[in-house]
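**Student:** First the structure, then my questions, so here it is.
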Amino acid sequence: MSELAPPHSLTCHHCGVVYRRPELDVGEWATCIRCGSTLETYAVFSAAAWLAVLIATIISFTLANAFPVATLYVQGAGQAASFIDAVVVTWQVGYPEVAAITFAAGFFLPACQLCLLIWIFGALAFGRLPVFFDTAILWVDRLKPWCMVPVFLMGVMVAVVKLAGLASLTPGIGLFATATTAILITALTRLSSGKIRSMAHDIGLAAKPASVPKPPSPALITRTWALMLGAAILYIPANMLPIMKVTSLGSESAHTILGGVIELWHMGSWDIALVVFIASVVVPLFKLLALAMLVFMTQHRTGRNLRERTHLYVVVEFIGQWSMLDVFVVILLSALGHFGSLLSIEPGGGAAAFGGVVILTMLAAMGFDPRLAWRLAGHRRHLTRADFESSH
């Protein structure tokens with residue numbers, strides 16, 4: 001039997017302290033004294049308001065995938081592409097692993113998350129707990145990092161800039177629906193299992209207290225090192241191999257990640273080039289180096305800069321999905337640039353390798369439990385006098 005937390009408690013998932021849940025007023029939030037993480041914010045939206053947001057999100061998400069994002073015109077011929085079209089083309093040209101990754105991150109997992117949230121808030125809005133409430137809110141947390149519609153939107157913007165000099169591009173309904181969906185899904189990231197459970201309790205429902213998280217195992221260190229090593233190995237072919245191949249009027253060229261950044265810079269789109277460089281070069285390297293430092297210091301049981309290391313982990317976990325930007329750009333370009341001998345754009349081996357880097361670094365970040373750093377440094381669930389003194 002797993003240990004249950006007190007019914008009116010909050011557990012810090014970054015350092016493991018259990019607190020009595022405070023009553024918050026408008027504009028207030030609860031912060032962990034030990035590590036400084038935000039535990040809970042005042043709930044502005046009711047369950048019915050969140051249900052309305054979810055319905056709007058499902059409508060915009062459906063439109064985003066049912067209609068083309070854009071139409072590319074080359075010598076009078078037009079080629080329209082939606083997100084699903086891009087996935088199908090990527091699969092057909094021989095890169096099923098890239099197609100599967102992008103389909104999961106851009107459509108399947110966001111759809112699963114929206115269905116779960118509708119299931120939960122469809123019941124909460126009418127004053128009752130949904131069936132399988134505890135399992136459903138647990139999966140909301142698990143799916144959240146993998147829902148990458150906002151990253152796909154940025155990928156569309158980069159693709160538009162890349163194609164602007166080649167041909168005429170007309171935005172479609174899918175583009176505006178994708179932008180709306182990205183905004184709404186970003187708002188939905190505020191929902192977590194803890195927040196939903198607290199909301200259910202506040203409206204008088206008999207929600208079972210959350211189980212106190214089990215102490216993290218030191219075995220996580222070995223697993224995290226293994227995932228990081230795999231990502232570091234894949235990072236080499238991801239940058240050496242072409243991420244896409246372009247054939248135009250019989251002339252073929254291959255583009256690596258850095259080559260694409262340089263091309264955007266020469267086109268005068270230095271701002272887009274900077275975004276791609278940060279997302280595809282800086283972020284993966286930063287994640288690997290930051291995680292290596294966090295795991296190394298945890299492994300050596302050092303208590304130095306624990307608060308700062310916890311905040312660094314939050315940053316690493318947050319930026320993880322943005323490395324998928326270049327993969328989304330490539331599959332969209334492949335779907336739009338489909339004009340036979342006139343223009344043909346296909347993914348390259350670098351796209352598959354880079355997708356692997358993104359997945360492995362995200363798994364490494366999510367698999368590493370920051371509570372382990374506090375635990376191995378001698379801290380437990382209770383607060384000591386040193387914890388209070390360090391917070392002032």
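**Student:** Scan the stretch 268-279 and give yes if some residue there is in a helix (DSSP H, G or I) and among the small types (Gly, Ala, Ser), otherwise no.
**Tutor:** yes
**Student:** Of the residues Gly320, Gly355, which is assigned to a helix (DSSP H, G or I), under 20 Å from Met228 (Cβ atoms) and at pLDDT below 85?
**Tutor:** Going through Gly320, Gly355 in turn, just one is assigned to a helix (DSSP H, G or I), under 20 Å from Met228 (Cβ atoms) and at pLDDT below 85: Gly320.
**Student:** Could you pull out the residue among Phe328, Phe296 that is in contact with a Phe, Trp or Tyr (Cβ under 8 Å, 6 or more places away or on another chain) and either surrounded by fewer than 17 Cβ atoms within 10 Å (Cβ to Cβ) or modelled with pLDDT under 90 (or both)?
**Tutor:** After applying the criteria, what remains is Phe328.
**Student:** Take the residues of the stretch 189-211 that are among the polar types (S, T, N, Q) and outside any loop (DSSP other than H, G, I, E, B): which is surrounded by the most Cβ atoms within 10 Å (Cβ to Cβ)?
**Tutor:** Ser193
**Student:** Another one. Considering each of Ser253, Ser248 in turn, give the residue that is loosely packed, with under 14 Cβ neighbours inside 10 Å, modelled with pLDDT under 85 and not hydrophobic (A, V, I, L, M, F, W, C).
**Tutor:** Ser253
**Student:** If you go through the stretch 13-46, how many residues are farther than 14 Å from Ser198 by Cα and in a loop (DSSP other than H, G, I, E, B)?
**Tutor:** The qualifying residues number 15.
**Student:** Hey, another quick one. State which residue is nearest to Leu205 (Cα to Cα) when the search covers only the stretch 47-76 and only residues that are in a loop (DSSP other than H, G, I, E, B) and in contact (Cβ under 8 Å) with a residue 60 or more places away in the chain.
**Tutor:** The qualifying residue nearest to Leu205 (Cα to Cα) is Phe67.
**Student:** It is to be established whether one or more residues within the stretch 163-183 are of a type in the set (Ser, Thr, Tyr), in contact with a helix residue (DSSP H, G or I) (Cβ under 7 Å, 6 or more places away or on another chain), within 30 Å of Ile84 (Cβ to Cβ) and not in a helix (DSSP H, G or I).
**Tutor:** No, there is no match, as no residue in the stretch 163-183 is of a type in the set (Ser, Thr, Tyr), in contact with a helix residue (DSSP H, G or I) (Cβ under 7 Å, 6 or more places away or on another chain), within 30 Å of Ile84 (Cβ to Cβ) and not in a helix (DSSP H, G or I).
**Student:** Which of the residues that make up the stretch 176-223 are within 30 Å of Val295 (Cβ to Cβ) and among the basic types (Lys, Arg)?
**Tutor:** Arg190, Lys195, Lys214, Arg223 - these are the residues of the stretch 176-223 that are within 30 Å of Val295 (Cβ to Cβ) and among the basic types (Lys, Arg).
**Student:** Can you tell me which of Asp85, Asp141 is over 14 Å from the mean Cα position of the chain (by Cα) and of a type in the set (Asp, Glu)?
**Tutor:** Selected residue: Asp85, the only one of Asp85, Asp141 that is over 14 Å from the mean Cα position of the chain (by Cα) and of a type in the set (Asp, Glu).
**Student:** Let me ask something else. Can you report the number of residues in the stretch 89-102 which are surrounded by fewer than 20 Cβ atoms within 10 Å (Cβ to Cβ), touching a helix residue (DSSP H, G or I) at 6+ places or on another chain (Cβ under 6 Å) and among the hydrophobic types (A, V, I, L, M, F, W, C)?
**Tutor:** Matching residues across the stretch 89-102 total 1.
**Student:** To continue, here is another question. Scan the stretch 358-373 residue by residue and report those that are out of contact with any Cys (no Cβ under 9 Å at 6 or more places or on another chain) and part of a helix (DSSP H, G or I).
**Tutor:** Of everything in the stretch 358-373, those that are out of contact with any Cys (no Cβ under 9 Å at 6 or more places or on another chain) and part of a helix (DSSP H, G or I) turn out to be Val358, Ile359, Leu360, Thr361, Met362, Leu363, Ala364, Ala365, Met366, Gly367, Leu372.
**Student:** Here is a check on your reading of the model: is Arg375 modelled with pLDDT of 85 or more, surrounded by 15 or more Cβ atoms within 10 Å (Cβ to Cβ) and of a type in the set (Lys, Arg)?
**Tutor:** So Arg375 passes the test.
**Student:** Looking at the stretch 354-370, which of the residues that are buried (at least 22 other Cβ atoms within 10 Å of the Cβ) and over 17 Å from Leu220 (Cα atoms) is nearest to the chain's Cα centre (by Cα)?
**Tutor:** It comes out as Val358.
**Student:** Related question: Go over the candidates Lys287, Lys214 one by one and state the one that is of a type in the set (Lys, Arg) and assigned to a helix (DSSP H, G or I).
**Tutor:** Going through Lys287, Lys214 in turn, just one is of a type in the set (Lys, Arg) and assigned to a helix (DSSP H, G or I): Lys287.
**Student:** Say we look at the stretch 145-181 and pick out the residues that are in contact with a Ser or Thr (Cβ under 7 Å, 6 or more places away or on another chain) and modelled with pLDDT of 90 or more; which of these is surrounded by the fewest Cβ atoms within 10 Å (Cβ to Cβ)?
**Tutor:** Once the filter is applied, the top-ranked residue is Thr180.
**Student:** Let me ask something else. Please work out which one of (1) within 30 Å of Trp265 (Cβ to Cβ); (2) at pLDDT 85 or above; (3) surrounded by 20 or more Cβ atoms within 10 Å (Cβ to Cβ) is the condition Thr186 fails and give its number.
**Tutor:** Failing condition for Thr186: (3).
**Student:** When both residues are 6+ apart or on different chains and their Cβ atoms are under 8 Å apart, which pairs have a first residue that lies in the stretch 214-226 and is among the hydroxyl-bearing types (Ser, Thr, Tyr), and a second that is assigned to a loop (DSSP other than H, G, I, E, B)?
**Tutor:** Cβ pairs passing all conditions: Thr224/Phe368.
**Student:** Same structure again: How many residues are surrounded by fewer than 21 Cβ atoms within 10 Å (Cβ to Cβ), within 19 Å of Phe121 (Cα to Cα) and hydrophobic (A, V, I, L, M, F, W, C) if we restrict to the stretch 44-88?
**Tutor:** The qualifying residues number 11.
**Student:** Now a separate question. Quickly run through the stretch 127-152 and pick out the residues that are aliphatic (A, V, I, L, M) and in contact with a helix residue (DSSP H, G or I) (Cβ under 7 Å, 6 or more places away or on another chain).
**Tutor:** Within the stretch 127-152, Leu129, Ala136, Ile137, Leu138, Val140, Leu143, Met148, Val149, Val151 qualify.
**Student:** Given the residues Leu291, Leu227, Leu274, Leu264, which is the only one that is surrounded by fewer than 20 Cβ atoms within 10 Å (Cβ to Cβ) and either under 24 Å from the mean Cα position of the chain (by Cα) or modelled with pLDDT under 90 (or both)?
**Tutor:** On inspection, the qualifying residue turns out to be Leu274.
The values are calculated or read from the model by the stated rules, or taken from the named source; none is laboratory data. No experiment lies behind these values; they were computed from the predicted model shown. Ideal geometry is used to build each Cβ from the backbone, glycine not excepted, and the neighbour counts take in all protein chains shown.
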